[in-house]
Structure formats: structure tokens, C-alpha cells
Amino acid sequence: MMEKMMARSVRLLFAAAGVGAALPALAQTQDAPLQRVEITGSSIKRASAETASPVTVINSDELLRSGKATVAEYLQTLTVDGAGSLPTSFGSGFAAGSTAISLRGLGATSTLVLLNGRRMAPFARADDGQKSFTDLSTVPMQIVERIEILKDGASSLYGADAIAGVVNIILKKDFTGLQVRAETGWSRYDDAKQNKASITYGQGDLDENKYNWVVNAEYSKSDELKAADRSGRDWIGHGDIRPWGYGLGTQYAGGYISNGAASPSPTGALLNPATGQYVSLGGCSQFSRSVQNDPRGGCVWHQDQFRSMQPDIESINLYTRGTWQINDNLQAFTELGYSERKTSFTMTPGSTSSTIVFPGANGGPNQLINYGSTILMAANHPQNPYGAPVRLRYSMWDVGPSVRNAKNEFNRFVIGLKGNHMGWDWETGFTRSESKLDLSWTNMINMNVLKDALSNPNSQFFPYYIGTEASKNSPALYDALRRTATSHSTTRLTTVDFKATRELPVKLPGGNIGLAIGGEHREEKLNNPSLSGSENGSINSSYTAAFGDTKVSAVYVEALVPVLKSVEVTGALRYDHYDNFNSTTPKLGIKWTPVKSFALRGTYTEGFRAPSAAENSTMSQAVGSASAQDPVRCPTDPATGKPTFRPGASQTDCSISISSIKIGNPNLKPEESKGYTLGMVWDPFDGTSLAIDAFKIKRENEINPVSYAEAAQSPTAVRNDNNLKDANGNVIPNSGTLLVVSGAYRNSSFTEVKGVDLDVKQRLRLGDWGKATLGLTWTHIHSFLRAESDTLEYEFAGTHGNCDTSNCMGTPKNKVNVTASWDINAWNFSATANWRDSMKNIRYEGAPCASQFADGSNAPGGCKLASFTTVDLSTRWNFSKQLTLFASVSNLFDRVAPLDPLTYGGMSFNPLDNSGAVGRYFKFGAQYKFF
């Protein structure tokens, strides 16, 4: 059905092409001087921008009229972006406060991001404690000239990380004049407000003045949006999704709603030593956003009343570039950039039941404290009715929610020379960039004070009253309980590079051979200490840290061979030398143009990703969490194929949050890839262009921890002591609640992704009615296969996907963007429709449904997450030569994001559909150019 819809869309665009053919033709450029351009993915300048590799070019006009607030927000709407990207809403992740793109769904680590063709220092904290990536939030939006996206491997030119492709953000280099721009935005609920202002100044003409200098400053502020602010928007912002047919405990990690005595709640629950069951204390009705009592005892309450849906963000970006024409053959340039981004994300309050991992003394083995079993309420505590020390579960609402504050500073300095001598066009540069991250997490819990205040009668803070009696506690107790945990992390990148290109005096039937040579030396340093207090288990957060250095030297060569006028062959080869391994990566491309309007093209590429310091240093360790089915407490029923919890367990065990200790491994090998593209470019009519490219990428030797699904079955998994009992009342050994698994990173699996990209554009001249452009882009994922071992292979295409594979965002088979833009006189009107395919709510193809309704049937709607479509509109009015007014509406029809009961990135909605959670959004602004 989807393919039929695509076919109809293409036919409609071709029909429009027929109309265009009857109208005045677009301005032709055949008589213009032949210009040679350098396209991302090649160092050789060429006359045609269409190379053997598929490249998408986004100009500044497209970017600004989209209504998106940042470069990252725009890129994440593209069909080529997939699972593994990092939206701003991921405030609870390792890399909170950052943003990233994931081409082909292979993760941000396999997408190389360049700024003006050069690397930037990675974000100062690896995502998931492992994945090094470039933070897109450091890029100023107003000064962007264009973005080139190479949808093909490019390690043969750029080295590591360019497995899925390259995003090259190119900033303006020759702006003249003074321009100011300001805009404001708000949702239909009059919240989530955004304000942004920028100023750009440039002077000097290279031809006349022999210099050009441009400087840009940009400021933006986005207000926090709480999940509770959307509690009236159907299921958005709700932890309690029972009104839509679900039962308690059906969401990830119990969802964002605590059910009875099964998890920490604001009333507190004590373990009855006679029955072995937790019994909640009273007073449910006194707490904000509590609902009716749970039949199992205690109350059901919303943790989502605290959490942010979008963080508070304040950012500053500064950028300047100077260019000096020393003589006809020599030019000097320099770039200086600085950004500061502050984010604040509110989390749920801490609890007494944390499981904490921290390093052993003097390099000894990791230590683990299950505070859920070690923190006891003393026998003589006034709220303990049992006369003996007992365990408790308590969400410390009285201490307040934890707020994760992050301040990310990024600076970048480039100085270089470029020239032309003896037939060679050459360029050399020195780059120094640094990313700094200061974390300050407030209202963390001092676990030592907590333990004493509950169980030690000799403590000055005993007794710590919980639940409805918390008002009896002294301010001094709360001052002692509250900890602000901090850390200061840095990554530093230093690079020296050189490249040169020329035409060789070897002429073939198609022209002269083009040659490029180049090399670079790069050094990276990572210093990412853990939060203060986590090194000894004294706060409610586990130890996560990474340290290490990486040095690499590389040389490469590239050739463009015009075998015939219609046949172009390109080849490249790069050699990279690291301290502990070497890599040689080739690339071959062929383009055949039998007629001017039609070309066939194809490429073969090899690529690699070097182990990061977070992965291969013995000083590095990360503790993360995700959901998994516990095979002991919730095995799959062979008769129904559904997860079924055993007596004494609960539905939560079927999708339980477990912690994983991931340890650096110095013996890791680099990830390696092979990629293929095959496609065509066709301009069937004047103003019409069509490109279709099939792709396949296989990435092997993938660096991963033990998967959560596999680790859950390991006999070394650490479990609680609440063991199950069989039908005869006998204890089943090692059957307690799953807590922690551990293991070193390893080269284990492979991922293979196959699919097709379609890009259609139609430009129309409408006479007195101006001109219009129609466009359609479609990415189809035919297969997304991942192997955990030689015998375990999982197909994720069209599924919600395992959370440790797709960030619980899923892998939709189809994504489509349809655009229309109309220019008439001083006006521009644009519309964009974004469509995401439905996904099966299963962890992988062939797996049982990951969620059930309260009646046991598959959820949602036949175990399928619904598709989602939004429409965005924008307009621009050039009021005068100096003044431009613009406005936009995102999610015009106010579509609500489909209910997603499995994801953890959004509150009952998938992060892919964030605009459907925020709701209709308006923006208005003005731009004025003084001269």
C-alpha cells in the first residue's frame, strides 16, 4: 500500500511537470560560465554537483522558513534520520542537554558531523556512557549558508565515524552588511515559549578590498514544558493510561505511575515481616495528582507531575570568520566560534530503593549496594508498627524533585592558508576545539544521612518522618539529606590537515584525470569524571566515568577518471594509523550519463569506527538502564507466545528496568563496514528532477555491552532476595527481582540495513503568479537486521525495537516529507507534510507483543503503534528591501501523538512525534538589513 502511495505521489509530480512544460521555462544556466564546485564526499572540484554518491543540499532559506528552532530540530525531521538520534527532550539520558543526528538509524557514532568541512570536538559526555558524538546544538542557525548531507560512507576521505554518511554544515563566508533578526514562539496552550535574536555584520570584498570579515551573535531562550502541562491532551503527559484500556504496571519500568506498594510512593510502604509483603502507609489523598486506591493496597500516584517534557534552555552562539587575499595565489583565513548552552530538566524525586554501583577501593572490583534491602526503618521508629527493623519503599517527595542542570561550553579556533601553485589547488589548516560540560544535579540524596535518619536512634536526625508526617522533620534534616552532585568534563580536539588537488596532464576521452591528496594528524583527549559522591556510593546515582587519549595520523588519495564523456569513475583510498591498530579504507564510484538528463550511479565503500576512550580505557565505566523481559519471573508462554508473569511476580517483571555495568576493554577492535549504493538521477522535463538510490550498509565487529535481553538470562545477573516459591511453597533459588548485570564492552554483533531513498522535485514558472517548487522525499527501510551472536539475529524494520538498539524510538519502515513552496511578488508561502509509518509494538520481528491491555489483549490497537502525520505552514513577506516579516505554524491541525506504552523518551508518546505532544505551535518574527 505504501509503495502504491509513493507511485501515485510521483505520478502527480510528473503531471505537475507536464503543466510546467506548458508554462515559461525556468531560467537556464547553459550560457553561464562553467563553475567547478567541491561537494561533501570528495576533495576534487567538478562541473556537476551530481556525483556518484547521493548528496542532499539544504540551503539557508529552506532551513529558516521551516519554523524549526535549531539546526538539530530541522535535521531530525529528515527522512534519513533514524533511531539513535538525540532530541532535546532526552533530559534523563547520559548526554542530556545535547542533540545529535543518526543517519540510517545506525546511531550518532556512525554519522560524521563537520563544520565547514572540519571536525569538531565531541560532546563532553558520551551518550549511554559509551557513544562519542558531535553536539549539533553548538551550531548557530542564522549564519548557516547550506547543509550538505552525504548519504553514503566516506571513511576513505574523512576517516573514522563516516559509516552511514556525513553531515557538513557550511557557514557563511562572505557576508556584507548589517542584519538583525528576532522571533518569538508559543504553543496553543500559551506555554513552551521561545525567544530568539541574532545580529550579523560583515564587511569587505575580497576582489576590491582583499579581505572579508563576518561576525554573528545569536541568543535564544526556551521555557521549560512540564509533562503535567499536557495532562489535558488525551494521554500526553499521563503515567496513568488506564482510561485507554491499560492496567497498572504495563509501561516501561512501571511507567511513570506508581502502583500501590509495588514501587516507591509518597506515602511509603513497609515490609510486613510476617507476610513478606509490602504494606503502604495511609494518606494517599493528601498528595498531588493521586488517584483512587490501588486494590493491592496503598495509592496510585503520578510521578509525571514533576518531570519535564522539554527542558528550560538558554543559549548563546558567537561566530566570526576572516578571510584575507594576500596575493592572487594565496589566501589566509581564520574562524573563531563559541557557544554556551544551559539546560535544566526536572526529574522525579529520589527514593530509598536505589541500587548503586561504584568502584572498589584501590582498583578493586565494583561494589554494589541495594539500598532497597539495606536501608531499614528502626524498630523504635514512631511509624514502624512491627516492633522490628523493616525494609521500606519511599519516594522522597518531601525532599523535592531532582533538577539536572547542564552547562555546555564549546569553543573552536581554525587558522589556515589556501592557494594555487604549480597547478595545485591546496589548503592547510590548524583546528583546536573543546567541549566543556558542567553538571549540577540538585536534590540528590545523601544515602548515608538517610540510612542513619531512619535506622540509627543515636543520629541527630532520627527519626526521619515519611509520608503524611513529613512536616515534623526539621529544616536541618533536609539540608543534610539534599546533595548537589557536580562534575566537570572536557573533550579536546587538535587537528592539523592538508589537501591538494589538480588536473593531471593525462587526457582521456572524457577529459583530464582529477587527483587529490591529503593527510591529517588528530589528537583527542577525554576527561569525564563521575558525579561527586558517586565514587563511594553516598548518593543515589551510580558511578559513570571515562578517561583517555586518542591519536591518529592519516593520508589519503582520490582520483576522478573521466573514462568517456558519459562515464566517470571515482576512487579513493585512506590509511589511518592509531596507537593500537591501523585501517585502510577504499571507495569506488561509477557514474554513467548516456544522455544529459539521465544518469546511473553506484558506489562501494568501506568504513570504520575506532573504539572511543569511553569504550577501550580500563579507567572507563558506565552504568545505564533499559527495559528487558525477565525470563525467570516472566517467561514467554509457549502456548500463547506472550510474556506471562509467574505467581509471586508482577506484570512489571515482563518489562523491568535493569541496570547494566559497562566496563572499558583495551582489546577492542574497530567496527568495520561495507556499503553499497545503486541509483539513478533523471531530469525528464524542464524543472523536474528525480533521484532514487538503493542502499545497503553492513557494520561488523560492533562494540556493544552484553545486550539487556541476553544479560537478563545470564546466571551472573544480580537479583534481589525476594525469591519466588513453587507450587509446593519451596523457594526457587536466584529468582528475585532482576537488579544489575555487568560485562566488558565486546566486539560481537553486526547490523545490516537496506533500503531506498526517493527524492523528487518540480520547479514551476507560473507567469504573473510567480513560481513554485514541489518536492517529495521518501526513505524506505526494507530490512534492519542485527545479530547478537552467530545464532541470534533480530529484524527490527517496522518494529518498536529493543530499547538498547533504538532508544525506544523504533524503526519505522517508511518516512515521507512532502513540500510545496510558492513565491509571488514579495511573498513566499510554504507547506510541509511529515509522515511516519506505523510500527509493530514488538521488540523485534517474531517477538510477542510488548504491551497488553488490562484484559490481556495486545496493545495498542492490535499491537501496532499508529502512523503519524503533521503539516507545517510558513509565510514570508519582503515588506521592503530592508524589512522582512515571517511567521509559521507547526502541527497546523494540532494532531495528537499516538499513545506509545513502551517508550521511555516521552510521557506516553514516542519522541519521534514530539510535535504531537507539544501541540500546534506559532512563530512570528522580523528581519531587518540596514545595509
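A few points about this structure:
- Residue satisfying all of: in segment 345-385; at pLDDT 95 or above and either under 19 Å from Ala480 (Cβ atoms) or of a type in the set (Ser, Thr, Tyr) (or both); surrounded by the most Cβ atoms within 10 Å (Cβ to Cβ) among these: Met377
- Taken over segment 420-443, the criterion of being on the phi > 0 side of the Ramachandran plot and surrounded by fewer than 18 Cβ atoms within 10 Å (Cβ to Cβ) is satisfied by Met422, Gly423.
- Residue in segment 196-209 that is at pLDDT 95 or above, charged (D, E, K, R) and either assigned to a loop (DSSP other than H, G, I, E, B) or under 16 Å from Glu335 (Cβ atoms) (or both) present: no
- Within segment 107-138, the set of residues being over 16 Å from Val167 (Cα atoms) and among the acidic types (Asp, Glu) comprises Asp127, Asp128.
- Checking each residue in segment 173-192 for being touching a residue at least 60 places away in the same chain (Cβ under 8 Å), assigned to a loop (DSSP other than H, G, I, E, B) and crowded, with 16+ Cβ neighbours inside 10 Å picks out Lys173, Ala192.
- Flag for Asp438 being assigned by TED's automatic domain parsing to the domain that holds Ser339, closer than 30 Å to Asp312 by Cβ and in contact (Cβ under 8 Å) with a residue 40 or more places away in the chain: yes
So that you can scan it fast, the table gives a plain yes or no per residue for (1) hydroxyl-bearing (Ser, Thr, Tyr); (2) outside any loop (DSSP other than H, G, I, E, B); (3) touching a residue at least 12 places away in the same chain (Cβ under 8 Å):
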| residue | (1), (2), (3) |
| --- | --- |
| Pro631 | no, no, yes |
| Cys634 | no, no, yes |
| Ala639 | no, no, no |
| Phe645 | no, no, yes |
| Asp653 | no, yes, yes |
| Ser657 | yes, yes, yes |
| Leu668 | no, no, yes |
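- Scan segment 614-642 for residues that are under 20 Å from the mean Cα position of the chain (by Cα) and farther than 30 Å from Cys863 by Cβ and the total you get is 4.
- Boolean, Ala72 is in a helix (DSSP H, G or I) and either assigned by TED's automatic domain parsing to the domain that holds Ser530 or not hydrophobic (A, V, I, L, M, F, W, C) (or both): yes
- Among the residues of segment 72-120, the one identified as modelled with pLDDT of 95 or more, in contact with a Leu (Cβ under 7 Å, 6 or more places away or on another chain) and of a type in the set (D, E, K, R) is Arg119.
- When we screen Ser888, Ser915 for residues that are surrounded by 16 or more Cβ atoms within 10 Å (Cβ to Cβ), more than 23 Å from the chain's Cα centre (by Cα) and either within 22 Å of Ser222 (Cβ to Cβ) or of a type in the set (Val, Ile, Thr) (or both), the only hit is Ser888.
- Check on Asn734, loosely packed, with under 14 Cβ neighbours inside 10 Å and either in contact with a Cys (Cβ under 6 Å, 6 or more places away or on another chain) or part of a loop (DSSP other than H, G, I, E, B) (or both): yes
- The combined condition, being outside the structural domain of Ile44 (by TED's automatic domain parsing) and farther than 20 Å from Glu340 by Cα, is not fulfilled by Leu417.
- Test result for Arg876, part of a loop (DSSP other than H, G, I, E, B), among the basic types (Lys, Arg) and touching a residue at least 24 places away in the same chain (Cβ under 8 Å): no
The values are calculated or read from the model by the stated rules, or taken from the named source; none is laboratory data. Since the structure is predicted, the reported quantities are computational estimates derived from the model, not experimental observations. Virtual Cβ from ideal backbone geometry, glycine too; neighbours counted across all protein chains shown.
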